[in-house]
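Encoded as structure tokens, the structure appears first; notes follow it.
The values are calculated or read from the model by the stated rules, or taken from the named source; none is laboratory data. Source: prediction; values computed, not measured. All Cβ positions, even for glycine, are placed from backbone atoms using ideal geometry, and neighbour counts span all protein chains on display. Protein only, heavy atoms only, side chains kept; ligands, DNA and RNA dropped before computing areas. Shrake-Rupley method; radii C 1.70, N 1.55, O 1.52, S 1.80 Å.
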Amino acid sequence: MGQIVVLDQNMVNMIAAGEVIERPASVVKELMENSIDAGATKITVSAEDGGRKLMSVTDNGCGMDAEDLAAAFEPHATSKVKTSEDLHNISTLGFRGEALASIASVAQTKAVSRTKDSLTGNCVEIDCGDKAVTAPCSADYGSTIQVRDLFYKLPARRKFLKTANTEMTHIIEHFTRIAMANDGLDLTLIHNGRELYRLPAGRSLRQRIAQLFSSEIEENLIEVENNEKNLHLLALLGRPGFSKTSSKFQYVFLNGRFIRDKFISHAIKEAYRPSLEQNRFPVVFLFIQMPYDNYDVNVHPTKIEVRFYNTNLVHSQILAALREKILSADFETPAKLPAIPIKEQPSKSTATYRSQKIADAMAEFFKKHKPVQTQQQLGLRPAPAVAKRDLADEKTTQPASLAGGYAIPDTQYEKKFLQIHDSFIVAQTDDGFVIFDQHALHERIIYEDLRRRIHKSRLESQKLLVPESFELTDAQADALKNNAELLEKLGIELAPFGPKTMAVQAFPTMLAKVSPADFTLDLIDLLADKAAELDAERLLDQVLNMAACKAAIKAGQKLSDSEIQQLLTAADATELSGRCPHGRPTTIKFSTSDLEKQFKRT
Ligand SMILES: Nc1ncnc2c1ncn2[C@@H]1O[C@H](COP(=O)(O)OP(=O)(O)O)[C@@H](O)[C@H]1O
Ligand SMILES: [Mg+2]
């Protein structure tokens, strides 16, 4: 006897619901999307008990007449596609005709709807697939869909619902995505009668971000727009200094639809890579617009994934636009001054007196540390590798070039500055002052310079007067053999010096301060460790990081005025000097207005 039966329609719907309706938040998402597709300009979402008890979505969209209302809950009922041609050009959020049928098969559902040109509305109720007849009722134009007791006839699924708080978090997340993608809509979210979000139409996207996330996030975003080859891009990019521990704050929208795409995530990660520590994630809002027929949305039941027909183009365009903006942006970390708790509000005159005193003290301070005369020695090349090792030595007759072997731009440069704790440099700027971490800043400068040079050709190197030798294990010897090309690019020349011994014959000029043998051994260890897991570009990046770190002046190292001067000049000429290659800030900025605020002058 045949074992196969064709499932009845309600079973089919329930199975479809398993894919589309995972939890209350999925219902909210589907209903809000339907409202948007219906042309609504105002949508109100209300939930009780995290949506477990009730979800209701009211819109002022086109509404449905009696016939459509009856049909809407049938499986595969949709007004959005008609022919297979339409599938290649989907401009609506929905098109599968599954959501309402799925929802109604797993909950108590009630829909009330009225079209604009009709005087009365219509109403229909469906209890887990059991549909009552459609009946006229009074209603505002638009639609309200109410969904009660989700999964109440499916204890196994009901059991998997989490606490009201958790379910509400998911609802808020979906609401947020839709609100971000549709900043022209008036949206409200209510939970247990309390208004959580009221987002009026007609405000800016930034204002919406501030409302949905925080003004801190909004203030840390820079904008970039790009329009090429049919792809329009608007990105709000979080400053690297404002990174997060997960990628949760990365929102990508394609033609108004929130999507997840591993190629786009990769492009974002790549664009930020030089500016971020490992395991940190930037805040990014990315809005992509492209012709509907350039991708397929019909690849995932909830349409969170799409298939781009030209993935490479999308990837490279996003990467290029983001990278360029990130590299050119001023990412100095704005100083976060600690709020001083003032128990008793001092009288205005005391406060004014106090801040005046501090301002005077600062003026005095800067007077003492007069600007250093612009030194014509800027731009000099450093002494050769073997001749000059110690930057801290102020008596040296030859001025040290802090960055190793490259010419520092010969600009007329005058700054008031001061080294404190032999580790930080405080320098006056036009509108305040900055504090540099001398090691991190120098490291960044060297890193950028190394990168620039190595991408052009190989690093310039210098023969050592006395070759430095070191011993190798077999594994290290292998690593060396496998990465001969990289060593050559770095300008490191090695020659056998005994059975298990090698000697460094020539070493990059830029790493003048570093011990050639120690550096080469560390390099070989890094290669042995990382070469297998990293691609060439990333491996090189790590090598350059290491080189920059070793070659940079250290914390605790006293610098002469001319050295500080050179460092500051080089910092001005270096892209992205606001962060060290590990992503830590190199610079903290204080503006006079920050100070005035802090001193309660304003
Ligand atoms: N809020 C609404 N306002 C007007 N029409 C709606 C609304 N919600 C659903 N509909 C109609 O019901 C149909 C079925 O909805 P749904 O099951 O979500 O499928 P889809 O959105 O994929 O078409 C839609 O195509 C639309 O015509
Ligand atoms: Mg739909």
Would you check which residues across region 11-27 are out of contact with any strand residue (DSSP E or B) (no Cβ under 6 Å at 6 or more places or on another chain) and within 15 Å of ligand 1 (Cβ to nearest atom) and list them? 12, 13, 14, 16, 17, 19, 20, 21, 26
Could you list, in sequence order, all residues of region 59-74 that are surrounded by fewer than 18 Cβ atoms within 10 Å (Cβ to Cβ), among the small types (Gly, Ala, Ser) and away from ligand 2 (no atom under 15 Å from the Cβ)? 70
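Is it the case that region 528-538 has a residue that's buried (at least 19 other Cβ atoms within 10 Å of the Cβ), aliphatic (A, V, I, L, M) and touching a helix residue (DSSP H, G or I) at 6+ places or on another chain (Cβ under 8 Å)?
No, the conditions are met nowhere in region 528-538.
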Restricting the search to region 177-209, which residues are small (Gly, Ala, Ser) and within 17 Å of residue 287 (Cβ to Cβ)? 179, 181, 184, 204
Can residue 70 be described as in contact with a strand residue (DSSP E or B) (Cβ under 7 Å, 6 or more places away or on another chain), more than 30 Å from residue 194 (Cβ to Cβ) and at pLDDT below 95? yes
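Filter region 154-185 down to the residues that are surrounded by fewer than 17 Cβ atoms within 10 Å (Cβ to Cβ) and either within 24 Å of residue 34 (Cα to Cα) or touching a Gly at 6+ places or on another chain (Cβ under 9 Å) (or both) and list them by number.
Of all residues in region 154-185, those surrounded by fewer than 17 Cβ atoms within 10 Å (Cβ to Cβ) come to 155-156, 158-160, 162-163, 165-166, 169, 173, 184.
Result: 162, 163, 165, 166, 169, 173, 184.
Per-residue answers, yes or no, for (1) in a loop (DSSP other than H, G, I, E, B); (2) under 33 Å from the mean Cα position of the chain (by Cα); (3) without any contact (Cβ under 8 Å) to a residue 12 or more places away in the chain; (4) farther than 24 Å from residue 561 by Cβ:
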position: 433; (1), (2), (3), (4): no, yes, no, no
position: 454; (1), (2), (3), (4): no, yes, no, yes
position: 463; (1), (2), (3), (4): no, no, no, yes
position: 468; (1), (2), (3), (4): no, no, no, yes
In this structure, does residue 56 turn out to be farther than 26 Å from residue 170 by Cβ, away from ligand 2 (no atom under 12 Å from the Cβ) and small (Gly, Ala, Ser)? no
Would you check if there is a residue in region 174-194 being charged (D, E, K, R), closer than 26 Å to residue 101 by Cα and part of a helix (DSSP H, G or I)? yes
Would you say residue 567 is modelled with pLDDT of 80 or more and in contact with a strand residue (DSSP E or B) (Cβ under 8 Å, 6 or more places away or on another chain)? yes
Qualifying residue in region 2-24 (condition: within 16 Å of ligand 2 (Cβ to nearest atom), part of a helix (DSSP H, G or I), open to solvent by less than 10 Å² (accessible area, probe 1.4 Å) and at pLDDT 95 or above): no
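Residues of region 40-56 being open to solvent by 50 Å² or more (accessible area, probe 1.4 Å), in contact with an Asp or Glu (Cβ under 9 Å, 6 or more places away or on another chain) and not β-branched (Val, Ile, Thr), which ones?
Of all residues in region 40-56, those open to solvent by 50 Å² or more (accessible area, probe 1.4 Å) come to 41-42, 48-49, 52-53.
This time we only want the ones that are in contact with an Asp or Glu (Cβ under 9 Å, 6 or more places away or on another chain), so: 41-42, 49, 52-53.
If the condition is that a residue be open to solvent by 50 Å² or more (accessible area, probe 1.4 Å), in contact with an Asp or Glu (Cβ under 9 Å, 6 or more places away or on another chain) and not β-branched (Val, Ile, Thr), then 42, 49, 52, 53 are the ones that fit.
Can you tell which of 514, 543, 504 is among the β-branched types (Val, Ile, Thr) and either part of a loop (DSSP other than H, G, I, E, B) or open to solvent by 30 Å² or more (accessible area, probe 1.4 Å) (or both)? Steps first, answer last, please.
Details: 543 fails: either part of a loop (DSSP other than H, G, I, E, B) or open to solvent by 30 Å² or more (accessible area, probe 1.4 Å) (or both); 504 fails: either part of a loop (DSSP other than H, G, I, E, B) or open to solvent by 30 Å² or more (accessible area, probe 1.4 Å) (or both).
Result of the check over 514, 543, 504: 514.
If you take the residues in region 75-113 that are of a type in the set (D, E, K, R) and within 13 Å of ligand 2 (Cβ to nearest atom), which one is nearest to residue 38 (Cα to Cα)?
Here is the first cut: in region 75-113, the ones of a type in the set (D, E, K, R) are 80, 82, 85-86, 96, 98, 110.
If we keep only those that are within 13 Å of ligand 2 (Cβ to nearest atom) as well, we get 80, 96, 98.
Values: 80: 10, 96: 15, 98: 16 Å.
Residue satisfying both the conditions and the ranking: 80.
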Say whether the condition of being polar (S, T, N, Q) and assigned to a helix (DSSP H, G or I) is met by at least one residue in region 222-238. no
Within region 471-484, can one find any residue that is loosely packed, with under 13 Cβ neighbours inside 10 Å and aliphatic (A, V, I, L, M)? yes
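Each row is one residue, and each column tells you yes or no for (1) part of a helix (DSSP H, G or I); (2) open to solvent by 10 Å² or more (accessible area, probe 1.4 Å); (3) at positive phi; (4) of a type in the set (Ser, Thr, Tyr).
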| position | (1), (2), (3), (4) |
| --- | --- |
| 510 | yes, yes, no, no |
| 554 | no, yes, no, no |
| 566 | yes, no, no, no |
| 570 | yes, no, no, no |
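So that you can scan it fast, the table gives a plain yes or no per residue for (1) at pLDDT below 90; (2) not in a helix (DSSP H, G or I):
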position	(1), (2)
264	no, no
279	yes, yes
293	no, no
319	no, no
327	yes, no
330	yes, yes
337	yes, yes
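Pick out the one residue from 113, 138, 118, 143 that is over 20 Å from residue 53 (Cβ atoms) and open to solvent by 50 Å² or more (accessible area, probe 1.4 Å).
Working: 113 fails: open to solvent by 50 Å² or more (accessible area, probe 1.4 Å); 118 fails: open to solvent by 50 Å² or more (accessible area, probe 1.4 Å); 143 fails: open to solvent by 50 Å² or more (accessible area, probe 1.4 Å).
Matching residue, one of 113, 138, 118, 143: 138.
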Residues that are in contact with a His (Cβ under 7 Å, 6 or more places away or on another chain), of a type in the set (Lys, Arg) and within 14 Å of ligand 1 (Cβ to nearest atom): which strands (runs of 3 or more DSSP E) entirely in region 33-134 hold 3 or more of them? none
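Which residues, counting only those in region 28-40, are within 11 Å of ligand 2 (Cβ to nearest atom) and touching a residue at least 60 places away in the same chain (Cβ under 8 Å)?
Taking region 28-40 first, the residues within 11 Å of ligand 2 (Cβ to nearest atom) are 29-38.
Residues satisfying the conditions are 29, 30, 31, 32, 33, 34, 35, 36, 38.
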